[in-house]
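Chemist: The structure's right below; bear with me while I get my questions together.
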Amino acid sequence: ELARSLLAHPSMAAIGGHPYSPSDIELPGFVPQQLSPLQLVVPLIGTSLLVITVIWLVSGRVLNTGRSARLSKADRLIMCWWAITGLTNLIIEASFLFTPNYLTKESPSFFDEIWKEYSKADSRYASRDTTIVAIEVIAVFLRGPASLLAIYAIASRKSYSYILQFSVCMGHICAMLVYYITAYLDGMNFCVSPFYFWTYFVGANSPWVVIPTLIAIRSWKLISQSFHSSKVNQD
């Protein structure tokens, strides 16, 4: 059943001329999706693994050259996370924000197809719900650049590194709370099937809840330790 769901071609429009839920959403000029889920997911996973590999190698071999204090494995892993997050915000989410006509383009781009696919898990993207647009504006213009700044701060051992990471993590957590709470308050009727609900709506978004929470806890502890050490030295 899972394999059939992944391989099924997504261009079969339901009642209303589109495959989204609820079926009475008006999407005039809708152009069916041309790429299958696997054709979208595999390149995304491959690109993510490439980014992680590059950041891991660079942080381990280049940034530690001639340094007295080497970057820890935890810092290097977190740099990989911030790279994935920042690029997701600035490329994938920006494509949604700056391409309001992605549902009606006769020659859709790869990113247009991504959002057509994801909209099956949350049709608020297809209808350009104002809450969703607001969340994406913050992601593109604030969280994305801040995530990339976090990579620089970690690599350069900046004093503001942990404060910055804590702040960005709280931004991610607050955004996800707004995302899920508004979906619940609006009836949770935006997903076409349990498969899309658990795979995309819950599964694909869960890293942006779990990982920022862990990084925020770590940053809080390190900031607290720094203040404690400073106070002890002053005393």
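The values are calculated or read from the model by the stated rules, or taken from the named source; none is laboratory data. Here the structure is a predicted model, which means the values were calculated and not measured. Cβ sites come from the backbone with ideal geometry, for glycine too, and all protein chains shown count toward neighbours. We work out accessible area using only protein heavy atoms, side chains counted, and drop any ligands, DNA or RNA first. Shrake-Rupley method; radii C 1.70, N 1.55, O 1.52, S 1.80 Å.
Chemist: Determine ³J(HN,Hα), in whole Hz, for all residues of region 35-47 in sequence, where each value follows from phi through the Karplus function 6.51 cos²θ - 1.76 cosθ + 1.60 and θ = phi - 60°; x replaces Gly and Pro.
Modeler: 9, 6, x, 5, 5, 9, 6, 4, x, 5, 5, x, 5
Chemist: When ligands, DNA and RNA are left out and all protein chains stay put, how many square angstrom of accessible area per residue does region 37-233 have with a 1.4 Å probe? Provide the component values of the computation, followed by the final result.
Modeler: Values: 10100 Å² over 197 residues.
Value returned for region 37-233: 51 Å² of accessible area per residue.
Chemist: In whole Hz, what ³J(HN,Hα) sequence does region 98-113 give by Karplus (6.51, -1.76, 1.60; θ = phi - 60°), x for Gly and Pro?
Modeler: Working through the residues one at a time gives 9, 10, x, 9, 5, 7, 10, 6, 5, 10, x, 7, 4, 6, 4, 5 Hz.
Chemist: Where the accessible area of region 37-233 is counted over protein heavy atoms with a 1.4 Å probe, how much of it, in %, is carbon and sulfur?
Modeler: Working: 7140 of 10100 Å².
The computed percentage sits at 71.
Chemist: Using a Förster radius of 41 Å, what is the FRET efficiency between residue 56 and residue 227 based on their Cβ-Cβ separation? Nearest 0.05, please. Walk me through the numbers before you get to the answer.
Modeler: Values: r = 31 Å, r/R0 = 0.75.
Approximately 0.85, to the nearest 0.05.
Chemist: If 128, 157 are ordered by their accessible area, calculated over protein heavy atoms with a 1.4 Å probe, which sequence runs from highest to lowest?
Modeler: Working: 128 60, 157 85 Å².
Listed by decreasing accessible area, they come as 157, 128.
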